[in-house]
Amino acid sequence: MLIVSDMIAGPPSHVASRTVLRAILACLLGVAGVFGLDALLFRTGLYPAILEPDSMAGRFELILHREQKAQARYGANLVETLGDSRFAYYPRVANQLTGETGYAFRHAGVAGTDIRAWNYMLRDLDPTRRRYRAIVLGVDDYDDEDGSYDIGDDLATLRYVIARLRLGDVFDLARSFEDRTAQWETIRGGLLKGMVYQADIFAFLDHPLKRLAYVRLCNGGYEGWTYDYVDSNKSVAGFQVDWRTMTATFPPGAEQSFRNEVQNWVLYPARPQTGHKAAFRRKWFGELMDRYRGSPTKIVFLRLPRGPAPRPDGLVVKKSSSIRELAARTGAILVDEHAFDSLERPELFRDAFHLNDTGCARFSAMMAREVGKALAQPPVREASR
C-alpha cells in the first residue's frame, strides 16, 4: 500500500523541480536561438543587401547608400535636404546655381517618411555630424495643426527604418506611437526583424535569381535614374476651392484619385487641436537639433509649397509653433515661410500635393537661392524671457 501511495503522489519534489528547470532552460535556449538567427540574418548586412529595391526598407536603403557614395564627389559646401514626397525638387537644377549660391545640393528625402525616419537616415549618413554645411528640412507648416490624421501613429516608419534600427532604438521608437497595437508591433518587429521582413523574404524565395538581378541593376543605375529624373508635366489647371462652402471645382477629366485626395486631405473639417503634432515635433525635431548641437552643420527649415489650393490659415486656430520655438532655442534657420507662395497654383501641381515638372524646376532654383541667402545670414535667437 505504501508503494502504491508513493506512485499516486508522483515523483519526489527534487525530480519535479529539475523537470521544470529543464523546461525553462529549453525555452530560454530556444528564444536565444531564434534571436541569434534573426540577428545573424537581419542585424548584419546579409539580408539588407538583397532587399526588394521597391519596398519601403529597400528604397530607404538605396537612398542612404546613394548619398553615402555621393559624399566623396562633393566638397565642403554640401547641403543635404530631407523630407517626404512633397519636397520634390531637382538637385541637378539647384546645382546649376552653385556658382551663385556657393552650395551643392543632394536629397536624402524618402516618400512617405516623417521626422523619425529622417533622424535614422542622418545618424548613419553623417555619423561625425560634420559632413554637411547644412541640413535642410522641408515641412508643411511652421505652425502645429492636428490635421486629418495623426502622423505619430503611422506604422510605416518601422517598415522604412527597419534595417537602421538598433536594439537601443526599439523602445524609444515604440513610445513615439500612441496606439498600443503600433507600440507592440514596433517592439516585436524591432527585436525580431524577420517579422517585419516576412513578406519580403517570401517574395525573395519565390524568385531569388530575379531579385538578385534587380538588386544589381538598381545598385548600378539608381544614382543616374534619380539625379536625371524628370517629373510628369500633368497639371490640375482649373482646380478651385470655395473655402466658404468647402466645395471644390475640378477640371474636366480630373482623376478619381485626385478627387479623393482633395476630399480626404484638403477639405477635411476643422478638428479639435490635441497638441499631439506639437509634442511629436518637439520630440523628434528636438532630437535632431540636439544631435547637431556644437556641430558646424546648420539646420534649416523651409515651408514647402502647400498645394494648388492651400487651406487658409484661419480655418483652424493653431495653438503653437514648435518649429519656431526650437529654432529660437537652438539657432536653427527658418526660410521665409512665404518664399514659395507664388508656386501654389494649379498649373504647377500634378495632384493635390505634388509639383509637376515645371513646378519642380521653378522650386529647385528658388529653393537653392533661398537656402543660400539664409545661410549667408547669422541665425537669430529669440530674446531670453
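The values are calculated or read from the model by the stated rules, or taken from the named source; none is laboratory data. A quick note: this is a predicted structure, and the numbers were derived from the prediction, not measured. Here Cβ is always computed from backbone atoms with ideal geometry, including for glycine, and neighbour counts include all displayed protein chains.
Things worth noting here:
- Residue pairs whose Cβ atoms lie under 7 Å apart, separated by 6 or more positions or on different chains, with the first residue in the range 282-303 and closer than 29 Å to Leu343 by Cβ and modelled with pLDDT of 95 or more and the second of a type in the set (Val, Ile, Thr) and in a loop (DSSP other than H, G, I, E, B), are Val300/Val335; Phe301/Val335; Leu302/Val335.
- Condition check for Thr181: among the β-branched types (Val, Ile, Thr), without any contact (Cβ under 8 Å) to a residue 24 or more places away in the chain and surrounded by fewer than 18 Cβ atoms within 10 Å (Cβ to Cβ): yes
- Here Ala213, Ala279 are screened, and the one residue that is more than 21 Å from the chain's Cα centre (by Cα) and not charged (D, E, K, R) is Ala213.
Residue-wise test of (1) closer than 25 Å to Tyr89 by Cβ; (2) in a helix (DSSP H, G or I); (3) of a type outside the set (D, E, K, R).
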{"residue": "Val262", "(1), (2), (3)": "yes, yes, yes"}
{"residue": "Ala270", "(1), (2), (3)": "no, no, yes"}
{"residue": "Gly286", "(1), (2), (3)": "no, yes, yes"}
{"residue": "Pro296", "(1), (2), (3)": "yes, no, yes"}
{"residue": "Ser320", "(1), (2), (3)": "no, no, yes"}
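- Some residue of the range 340-348 being in contact (Cβ under 8 Å) with a residue 40 or more places away in the chain and of a type in the set (Phe, Trp, Tyr): no
- Only one of the numbered conditions (1) over 30 Å from Leu62 (Cα atoms); (2) in contact with a Lys or Arg (Cβ under 8 Å, 6 or more places away or on another chain) is not met by Ser235, and that is (1).
- Search result, residues across the range 299-317 that are surrounded by fewer than 17 Cβ atoms within 10 Å (Cβ to Cβ) and part of a loop (DSSP other than H, G, I, E, B): Pro310, Pro312, Val317
- Qualifying residue in the range 198-219 (condition: within 13 Å of Leu51 (Cβ to Cβ), part of a helix (DSSP H, G or I) and acidic (Asp, Glu)): yes
- In the range 48-76, the qualifying residues are those that are in a helix (DSSP H, G or I) and of a type in the set (S, T, N, Q), and the one that is farthest from Val161 (Cα to Cα) is Gln71.
- Among (1) surrounded by 17 or more Cβ atoms within 10 Å (Cβ to Cβ); (2) more than 21 Å from Tyr292 (Cβ to Cβ), the one test that Ala156 misses: (1)
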